[in-house]
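A.B. asks: Here it is, the structure in full.
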Amino acid sequence: MPTSRFLRVWLLWSALYTALAVAGPNGLLGRPVWPVASQHLFQARAWLGVDIEVVDEVGVEVDRLPVEPRLDVTPYFENRPVRDPRENALVSNLAVAARLGDGSLVPAQEVWGIRGRTPDAGAMVCFVGFPPGPAFLLMPLVPLLGGFLATQWIGAVLAGLGVAAVDALATGLWDRLGLGEDPVVMNQTMLLAGAGTVWLWVVMDGGTFLFAQTVGCVALAVALLAAARGRVFIAGLAFGLAITSRPAMLGALPFWLGLSGVAGLRNIERLRRLAALFVGPAVLGGTALLLNHLRFGSLWDFGYRFMILPPFLRERWVEHGQLSWHHLWRNVQAVLLNPPVTLHDEAGGLVFPFLVSDPVGMGLLFVTPASVLLVLAVRAVGTRERWILATCWLSLLLCWAPGLLYYNTGWVQWGGRFLLDGWPMWMLLAGLGLSRTPRRLAWLLVGLSVLCNFWAVVLVIARVWPGCCS
């Protein structure tokens with residue numbers, strides 16, 4: 001693929017996503033201030049020990065509170081003046097721990113149930129209870145951009161990069177399968193990736209959960225593209241960022257390795273390429289596990305158990321755990337089969353916006369009808385082509401599996417955002433299906449997918465959803 005197309009695609013979608021972010025629920029319209037309350041941004045500031053600026057009602061700095069570099073983000077929540085009501089939503093699900101007299105940490109939400117043990121006064125500690133990948137990305141940008149840094153516009157620019165990477169990756173995949181470059185199919189796949197999935201709704205938000213999804217998806221797309229082009233160090237670094245943003249993306253390992261070409265190398269060359277590939281995941285992944293140990297005393301605890309959760313979710317967690325086969329059927333129904341929900345007034349009549357997603361999610365075939373074309377992406381001519389498709393399919397299913405076993409589908413959402421963990425493979429397989437579909441039917445399915453997700457964006461910008469269903 002020419003570099004000029006890559007840049008055009010990146011700029012086009014970045015501009016669109018930035019405009020949506022400005023108009024979106026956490027944008028500038030109506031309130032000319034970017035909210036800067038992403039937990040990942042606070043985490044990056046805490047690692048660097050960035051001072052807290054105290055401002056008056058008109059935004060003039062009146063005091064500065066020094067902060068030493070630290071693992072927790074407590075000072076930023078104890079001393080930060082809340083200037084924008086949107087910040088309350090952006091910092092939901094903070095991990096809050098109570099430090100007992102013996103120094104141990106217990107979830108603050110449960111501390112009152114521990115008889116005979118009460119936390120010391122002022123011993124509540126705030127942590128970011130999510131994998132640290134997005135904070136890794138933001139940390140070098142904090143001193144560089146200062147107050148201009150906001151996850152809304154950063155996410156928009158990254159999202160455009162993600163679409164460009166998927167577009168380039170699809171072209172390379174079809175070349176490996178001997179299909180050649182069909183400009184119509186290339187544009188259909190690009191349009192589907194950019195506007196035909198919940199990606200269009202996710203990237204405009206900039207909040208803690210959805211920004212992590214954006215970073216993870218973009219990093220995975222870049223990792224796959226770099227692996228396919230032999231840029232093994234970049235591929236490893238990007239893959240490390242992906243798995244430390246969304247651990248479920250570790251499921252993409254078979255496809256990532258397959259694209260890297262290590263299987264076709266001799267022993268010494270293979271070892272060198274594998275070493276270059278895995279230095280990024282080892283360093284970033286190892287750092288993430290070390291941070292877990294330093295904060296929570298366990299390599300595998302990202303702080304989820306300390307999050308403040310609604311009672312029904314905490315009961316589900318306590319009874320069946322974070323990942324369980326018990327959650328599978330409910331999640332399959334929610335993110336694959338659920339139909340849209342109609343809204344009615346007290347008299348039973350339909351009211352605007354008429355159709356919305358169920359709060360737990362909406363079925364994939366309603367959100368992205370073009371996904372039916374995945375069934376056409378199973379045929380290959382030769383052994384090499386079969387291995388490419390097999391590893392792509394395997395990686396997609398492995399990335400989707402943790403979300404389908406998770407205790408929560410991702411509350412109040414348009415479709416199932418956890419399906420984005422396999423977004424690059426999903427788009428590649430759907431694009432392959434488009435190439436094997438009559439052109440008019442392919443355009444119809446892509447058009448319906450875009451219209452469905454554009455409807456979600458309109459509802460969010462108009463502030464009539466998800467508030468109507470939460």
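A.B. asks: Measure out, as a whole number of angstrom, how far apart the alpha-carbon centroids of segment 266-290 and segment 171-243 sit.
C.D. replies: 21
A.B. asks: How far is it, in nm, from the label point at Phe354 to the one at Arg5 when both lie 7 Å from their Cα along the line to the Cβ?
C.D. replies: Output for this residue pair reads 3.7 nm.
A.B. asks: Using the count of nearby Cβ atoms within 10 Å as a rough guide to exposure, how do Val142, Val460, Val62, Val367 rank from fewest to most?
C.D. replies: By the 10 Å Cβ count, ascending, the order reads Val62, Val142, Val460, Val367.
A.B. asks: Would you mind checking segment 401-419 for residues with the amide N under 13 Å from a putative spin-label position 7 Å along Cα→C-beta of Leu337?
C.D. replies: What the label zone holds, given the 13 Å backbone N cut-off, is no residue at all.
A.B. asks: So if I take the alpha carbon set of the chain, get Rg, then get Rh from the Kirkwood formula, what is the Rg over Rh ratio?
C.D. replies: 0.97
A.B. asks: How would you rank Ser4, Ser449, Ser324, going from fewest to most other Cβ atoms within 10 Å of each one's own Cβ?
C.D. replies: Arranged by neighbour count, lowest to highest, Ser4, Ser449, Ser324 become Ser4, Ser324, Ser449.
A.B. asks: Sticking with this structure for a sec: When Leu289, Leu271 are ordered from fewest to most other Cβ atoms inside 10 Å of their Cβ, what list results?
C.D. replies: Ascending Cβ contact count within 10 Å gives the list Leu271, Leu289.
A.B. asks: Given the -39500 (n - 2.57) contribution per DSSP H run of 4+ residues, what per-residue ellipticity at 222 nm results for the chain, rounded to the nearest 500 deg cm²/dmol?
C.D. replies: Helix-only estimate at 222 nm: -16500 deg cm²/dmol.
A.B. asks: Explain nothing, just compute: Karplus ³J(HN,Hα) = 6.51 cos²θ - 1.76 cosθ + 1.60, θ = phi - 60°, for every residue of segment 244-251 in order, whole Hz, x for Gly and Pro.
C.D. replies: So the Karplus estimates, Gly and Pro as x, are 8, 9, 9, x, 4, 6, 4, x Hz.
A.B. asks: Follow-up. Report, in degrees rounded to the nearest 10, the 0 to 90 angle that the Cα long axis of helix 439-461 makes with the longest principal axis of the chain.
C.D. replies: Computed tilt is about 10 degrees.
A.B. asks: Would you pull out the residues with amide H under 5 Å of Ile52's amide H, same chain only if 5 or more places away, H placed 1.01 Å from N?
C.D. replies: The answer is Leu65, Val67.
A.B. asks: Under the classification rounded if a/c is under 1.5, otherwise prolate if a/b is larger than b/c and oblate if not, where does segment 174-276 fall, given a ≥ b ≥ c as square roots of the Cα gyration tensor eigenvalues?
C.D. replies: Cα axes put segment 174-276 in the oblate bin.
A.B. asks: If you stretched the chain out fully between Arg229 and Arg270, how much longer would it get, using 0.36 nm times the residue separation minus the C-alpha to C-alpha distance?
C.D. replies: 13.2 nm
A.B. asks: Using the Karplus curve 6.51 cos²θ - 1.76 cosθ + 1.60 with θ = phi - 60°, what ³J(HN,Hα) values do you get for each residue of segment 395-402, in whole Hz, with x for Gly and Pro?
C.D. replies: So the Karplus estimates, Gly and Pro as x, are 5, 4, 5, 5, 5, 6, 4, x Hz.
A.B. asks: Classify segment 315-438 as rounded, prolate or oblate from the Cα gyration tensor: take a ≥ b ≥ c as the square roots of its eigenvalues, call it rounded if a/c is under 1.5, otherwise prolate when a/b beats b/c and oblate if not.
C.D. replies: Here segment 315-438 falls in the oblate category.
Each value in this text was obtained by applying a stated rule to the coordinates, not by laboratory testing. These figures come from a predicted structure and were not determined experimentally. No Cβ is skipped: glycine too gets one built from the backbone with ideal geometry, and neighbour counts run over all protein chains shown.
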